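The structure appears right after this line, and notes come after that.
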Amino acid sequence: MAEFDLIVIGGGPGGYVCAIRAAQLGLKTACVEGRETLGGTCLNVGCIPSKALLNATHLLHETHENFEKMGLMGAKPTVDWERMLRYKDDVIAGNTKGIEFLFKKNKVTWLKGWGSIPEAGKVKVGDEVHSAKAIVIATGSEASVLPGITVDEEAIVTSTGALALREIPKSMVVIGAGVIGLEMGSVYARLGTQVTVVEYLDAITPGMDAEVAKGFQRILSKQGLKFVLGAAVQVVERTKSGAKVAWKLRKNDAAGEIEADVVLVATGRKPYTAGLGLEALGVELLPRGQIKVDGHWQTNVPGVYAIGDAIPGPMLAHKAEDEGMAVAAVIAGRHGHVNYGVIPGVVYTTPEVATVGATEEQLKEAGRAYKVGKFSFMGNGRAKAVFQTEGFVKLLADKETDRILGCHIIGPGAGDLIHEICVAMEFGASAEDIALTCHAHPTFSEAVREAALACGDGAIHA
Ligand code: NAI
């Protein structure tokens with residue numbers, strides 16, 4: 001038994017960042033993690049491995065689509081799937097070991113095993129009970145699978161299984177046109193798999209600016225993904241060669257079904273809090289299973305805090321990281337702050353999609369007077385040079401004050417470009433502030449400036 005100022009339960013992006021920051025602020029800190037490696041879902045079976053596969057398959061696609069156009073002739077690469085998976089695993093290992101190193105460097109103790117909270121101020125890991133002045137629950141989330149579906153991670157898979165298929169499937173049905181479905185669908189479509197995405201709602205990526213979602217769907221369709229929208233999935237069952245998905249269209253009850261080698265269930269995630277002993281501890285949960293916290297991420301049990309996917313808000317690694325740093329500051333007696341109005345969201349397809357702030361639909365619904373500045377990557381010289389002219393930047397600003405309210409980008413490097421607007425929004429900047437800022441030529445970021453110019457006297461290259 002050891003005594004700590006803080007024990008963080010969960011070593012994902014929320015938990016490990018919280019632990020490192022707490023140690024930096026002088027707290028004697030431990031982090032409980034039961035996986036073999038640190039990093040949680042994100043590093044082990046989520047963000048990082050999917051980015052490795054997206055990178056490899058994007059390059060494959062480039063060699064087939066664009067190399068000859070640039071005078072790069074010769075044999076087109078074929079895929080050694082085992083080797084590609086090894087590359088992905090090496091990337092995971094490099095990242096998870098990096099966190100282990102950071103723990104050592106910052107003197108964070110890794111308590112290996114699964115933790116529970118037998119009483120406030122105590123954390124049980126295996127047979128040992130440790131004491132802590134404060135406890136942070138950062139246990140993340142797990143796939144939320146439709147009732148009646150049995151996931152075997154072979155023919156019927158979640159994102160975890162989709163990242164480690166034994167072979168490249170000839171066909172795949174993705175249930176859910178959210179971020180996981182579209183990123184993994186893109187990976188396999190580029191590897192030659194026939195991908196059909198079945199989505200309950202009438203548009204892909206629910207919650208995204210409708211114009212952007214529509215443009216995104218058009219681009220993905222051109223890349224070979226097929227979409228069945230407005231379809232309520234009824235049954236998913238294994239067949240001899242794979243699995244079958246049956247649905248009914250919501251508008252007219254028309255039935256449809258499709259068989260594929262693999263079915264990926266990507267219908268969202270839910271908080272993972274099983275085994276923590278929250279009920280006995282009396283920690284209040286919300287109806288959807290999230291832990292209820294106050295403005296300082298404290299639960300109704302004093303000294304027990306929660307962050308990340310286990311509490312309300314977007315289930316994003318960077319949101320969890322921000323909360324991790326903020327709650328560490330609070331526990332160390334400082335001020336902790338997260339601006340929930342400026343949390344970017346990125347889909348790492350090609351082209352990428354990135355958004356921050358309000359969508360046009362949200363502004364309409366709020367009855368807000370706004371203006372739209374749009375600029376297509378067709379008018380961006382750099383995008384032309386690298387065959388990435390699909391997509392646009394859409395900037396939303398207050399009609400009266402010109403203050404930036406939101407930004408939505410489909411296009412090359414969108415996931416990086418969005419941060420210019422995040423910083424601008426943090427500073428309460430106007431579209432004109434962006435328009436008056438010199439942007440290097442030729443860069444993709446000029447498209448952001450042009451969208452800002454379009455909010456004023458007009459874009460130059462439109
Ligand atoms: P999601 O919430 O993004 O999308 C789930 C989709 O499934 C929705 O479009 C929903 O309408 C649809 N759906 C739900 N029930 C359905 C049914 N019965 N039949 C057909 N469609 C149905 O969830 P997803 O993609 O599983 O991702 C989980 C979480 O992980 C999300 O919060 C996401 O933000 C996060 N994530 C983030 C990534 C990123 O930031 N790049 C990458 C991957 C995941």
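Values quoted throughout were computed directly from the atomic coordinates according to the rules given, and no laboratory measurement underlies them. Predicted model only: the values in this text are computed from it and were never measured. Backbone-built Cβ (ideal geometry, glycine too); neighbour counts: all protein chains shown.
If both residues of a DSSP beta bridge must be in the chain, then about 60% of such bridges are antiparallel. For the chain, the 222 nm mean residue ellipticity estimated from helices alone, with every DSSP H stretch of n ≥ 4 adding -39500 (n - 2.57) and the total spread over all residues, rounds to -9500 deg cm²/dmol.
Here the Karplus curve 6.51 cos²θ - 1.76 cosθ + 1.60, taken at θ = phi - 60°, turns the phi angles of segment 152-166 into couplings of 10, 6, 10, 9, 10, 10, 9, 4, 4, x, 5, 8, 9, 5, 5 Hz, with x standing for Gly and Pro. Taking the Cα centroid of segment 259-337 and of segment 424-462, what is the distance between the two, rounded to the nearest whole Å? Between the Cα centres of segment 259-337 and segment 424-462 lies a distance of 36 Å. Overall shape: oblate for segment 156-267, with the ratio a/c of the largest to smallest alpha carbon gyration tensor axis at 1.5 or above and b/c at least equal to a/b. By the Cβ distance rule (another cysteine Cβ under 4.7 Å), the unpaired cysteines of the chain are C18, C31, C407, C422, C438, C455. Working from Cα pairs under 8 Å separated by at least six residues, relative contact order for segment 345-454 is 32 percent. Ordering Y340, Y305 by the number of other Cβ atoms within 10 Å of each residue's own Cβ, fewest first, gives Y340, Y305. For segment 364-420, GluC sites (Glu not before Pro) are listed when DSSP marks them as loop and at most 15 other Cβ atoms sit within 10 Å of their Cβ; the list is E400. Given R₀ = 56 Å, FRET efficiency for E237-A369 by Cβ-Cβ distance, to 0.05? E between E237 and A369, to the nearest 0.05, is 0.60. DSSP finds beta bridges in segment 156-267, and of those with both partners inside it, around 50 percent are antiparallel.
Compared with the direct C-alpha span, the chain from V129 to E259 gains 41.8 nm at full extension, assuming 0.36 nm per residue. If you take the Cα centroid of segment 77-128 and the Cα centroid of segment 154-217, the two points sit 27 Å apart.
A quarter of the convex hull surface defined by the alpha-carbon atoms of segment 345-454 gives 6.2 nm² as the mean projection. Taking 7 Å steps out from each Cα toward its Cβ at S144 and K112 produces label points 3.5 nm apart.
Between N300 and A75, the simple spin-label model (points 7 angstrom out along Cα→Cβ) gives 6.7 nm. The trypsin sites (Lys or Arg not before Pro) of segment 180-289 that DSSP puts in a loop, and whose beta carbon has at most 13 other beta carbons within 10 Å, are K240, K251, R288. Sequentially through segment 86-103, phi angles give Karplus couplings (6.51, -1.76, 1.60; θ = phi - 60°) of 5, 4, 4, 5, 5, 4, 4, 4, x, 6, 5, 5, x, 6, 4, 4, 5, 4 Hz, Gly and Pro residues having no value and appearing as x.
Which of the trypsin sites (Lys or Arg not before Pro) found in segment 76-132 are in a DSSP loop and have at most 11 neighbouring Cβ atoms, other than their own, within 10 Å? For trypsin sites (Lys or Arg not before Pro) across segment 76-132 that sit outside H, G, I, E and B with at most 11 neighbouring Cβ atoms in 10 Å, the list reads K107.
By the beta-carbon count within 10 Å of each Cβ, the least crowded to most crowded order of C31, C455, fewest first, is C455, C31.
Each residue of segment 250-266 was assigned a 3J(HN,Hα) from its phi angle through the Karplus curve 6.51 cos²θ - 1.76 cosθ + 1.60 (θ = phi - 60°); the sequence is 5, 6, 9, 6, 4, 8, x, 8, 8, 10, 8, 5, 9, 10, 9, 8, 10 Hz, with glycine and proline shown as x. Can you give the FRET efficiency for K399 and K214, using 1/(1 + (r/R0)^6), R0 = 22 Å, r = Cβ-Cβ distance, to the nearest 0.05? E(calc), rounded to 0.05, equals 0.40.
For segment 11-33, the residues whose backbone nitrogen is under 19 Å from a point 7 Å from the Cα of A2, taken along Cα to Cβ, are 11-12, 15-33. Relative to the current alpha-carbon distance between D416 and E154, full extension at 0.36 nm per residue lengthens the span by 90.9 nm. All distinct Cα pairs of the chain go into the 1/r average, and the inverse of that average, the Kirkwood radius, is 23.8 Å.
Computed on the Cα atoms alone, the convex hull of segment 166-219 gives a volume of 75 cubic angstrom per residue. Each label was represented as a point 7 Å from its Cα along the Cα-to-Cβ direction; for F67 and R250 these points are 4.3 nm apart.
Treating each Cα of segment 327-366 as one equal point scatterer and applying the Debye formula with no solvent, the log10 of I(q)/I(0) at q = 0.27, 0.31 Å⁻¹ comes out as -0.90, -0.99. Charging the Cβ of each Asp and Glu at -1 and of each Lys and Arg at +1, and nothing else, the dipole of the chain about its Cα centre rounds to 340 debye. Neighbour counts of C-beta atoms inside 10 Å place V346, V79, V123 in the sequence V79, V346, V123, starting with the fewest. Between the listed residues A397, A383, S445, the Cα displaced farthest toward the positive end of the dipole of segment 345-454, a dipole computed from Cβ unit charges relative to the Cα centre, is found at A383. Where the alpha-carbon atoms of segment 105-211 are placed on the principal axes, they occupy 53, 37, 36 Å, in descending order.
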